[in-house]
Amino acid sequence: MRLRTVLCSTAATLSAMALLSACGGSGTASSSSTPLVGVDYPRSDTDFWNSYIKYTPKFSTQLGLSLKTTNSQNDVAKLTANAQTFISQGVKGIAMAPQDTAAIAPTLAQLQAKKIPVVTVDTRPDSGKVFMVVRADNRAYGEKACQYLGTKLGGKGKVVMLEGGLDSINGRDRTEAFNDCMKKNYPGVKVFGEATNWDGAVAAQKLQTDLTAHPDIRGVYMESSFALSGTLQVLKQKGLLTGPKDPKHVFVVSNDGIPEELKDIAAGKIDATVSQPADLYAKYALYYLKAAIDGKTFKPGKTDHDSTIVQVRPGLLEDQLSAPLVTADGSTYGGITSLKSTDTSLWGNNLG
């Protein structure tokens, strides 16, 4: 009974749904029971992040949160300024996706000092404290791409890895895991690693250079769909954009699971992707912000939403959401099961 009284007296920190449940009320909650949170979008120049942006207001409404948004445009200085804006607006928590995972540390320290909880999405800060990291296991991205390409190439040949930004934990994780997996499981595959800083034009130029120097390249791993358009254009120019059964076919694996990738897999233009959950990133970033505001805590272990919370370093937890390998046939590659590109459970098939 005492707990019920305490909950009802602190209704300002509860969502509408939680308030009605705790206090036995009915009807529409007032604005005082709707915590204000800030979400900084890291960029709006990719299909993946535009999908994340689309999902965020939907889930803020479902979770009973008021929303302020900014866009840091892949610039950590803008992200820092946006955090100051959120502070001045009185937000109770902030979700962000810092692309430079080292430079964000001072901002995180300031927010911690002000007792404003932070959830990072897609990326994990190199240092500093946040309430929760919401991302998928990015090392698994590289391993899944490696197992698919290694299987398709029969453990022999040459592949190009179009790396993301190595100032990002994502770029480092995907790159290191892909290289480690190839060395261990497919030592007969030669990997040409190309730094691109998540820039599609740079990726296309470097792929073209590699294909000119090594026309026998038969695999490409793009660490994100940022390189999709340029990769297909280069392959077409080289006469290599052929069907999967053609001897000249270059096997292409991407990361993200955007609708265009799924369509391209079905059409035989690319071969696989790892579906990074844009919808669940938005949902659970806000879910954990609300939990932080409500005073909840978490510990490592399985969740009720098909993921695992792991402790990545003392005091820092990461909810590693499911990110399946997606292929045309839904087969198993190197021990990794895949979903068909037409599977209706994939967020890229449900944007509407």
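The values are calculated or read from the model by the stated rules, or taken from the named source; none is laboratory data. These numbers come from a predicted model, not from an experiment. Heads up, the Cβs are rebuilt from the backbone with ideal geometry, glycines too, and the neighbour counts pull from every protein chain shown. Note: accessible area is taken over every heavy atom of the protein model, side chains too, but ligands, DNA and RNA are not part of it. Shrake-Rupley method; radii C 1.70, N 1.55, O 1.52, S 1.80 Å.
Observations on the model:
- Filtered by the rule that a residue be of a type outside the set (S, T, N, Q), in contact (Cβ under 8 Å) with a residue 60 or more places away in the chain and open to solvent by less than 10 Å² (accessible area, probe 1.4 Å), region 164-178 gives Gly164, Gly165, Arg174.
- Residue list for region 179-203, restricted to those being open to solvent by 20 Å² or more (accessible area, probe 1.4 Å) and part of a helix (DSSP H, G or I): Asn179, Asp180, Lys183, Lys184, Asn185, Gly200, Ala201, Val202
- Considering the conditions (1) open to solvent by 60 Å² or more (accessible area, probe 1.4 Å); (2) in contact with a strand residue (DSSP E or B) (Cβ under 8 Å, 6 or more places away or on another chain), Val37 is excluded by exactly one of them, (1).
- Qualifying residue in region 130-141 (condition: within 30 Å of Leu162 (Cβ to Cβ), open to solvent by 10 Å² or more (accessible area, probe 1.4 Å) and assigned to a loop (DSSP other than H, G, I, E, B)): yes
- Scanning region 206-215 for residues that are assigned to a helix (DSSP H, G or I) and in contact (Cβ under 8 Å) with a residue 12 or more places away in the chain yields a count of 5.
- All positions within region 49-65 that are of a type outside the set (A, V, I, L, M) and open to solvent by less than 40 Å² (accessible area, probe 1.4 Å): Trp49, Ser51, Tyr52, Tyr55, Thr56, Phe59, Ser60, Gly64
- Applying the set (1) open to solvent by 60 Å² or more (accessible area, probe 1.4 Å); (2) under 30 Å from Ala95 (Cβ atoms); (3) of a type in the set (Lys, Arg) to Lys290 leaves exactly one unmet item: (1).
- Residues (among the polar types (S, T, N, Q) and either within 29 Å of the chain's Cα centre (by Cα) or farther than 18 Å from Asp216 by Cβ (or both)) located in region 231-249: Thr231, Gln233
- Candidate set: region 293-330, residues that are of a type in the set (A, V, I, L, M) and open to solvent by 20 Å² or more (accessible area, probe 1.4 Å); chosen: the one farthest from Phe48 (Cα to Cα): Ile293
- For region 241-254, the set of residues classified as within 19 Å of Ala145 (Cβ to Cβ) and open to solvent by 10 Å² or more (accessible area, probe 1.4 Å) consists of Pro244, Phe251, listed by residue number.
- Residue satisfying all of: in region 339-352; within 17 Å of Leu321 (Cβ to Cβ) and among the small types (Gly, Ala, Ser); least open to solvent (accessible area, probe 1.4 Å) among these: Gly348
- Applying the set (1) open to solvent by 30 Å² or more (accessible area, probe 1.4 Å); (2) within 24 Å of Lys283 (Cα to Cα); (3) free of Cβ contacts under 8 Å to residues at least 40 places away in the same chain to Ser127 leaves exactly one unmet item: (2).
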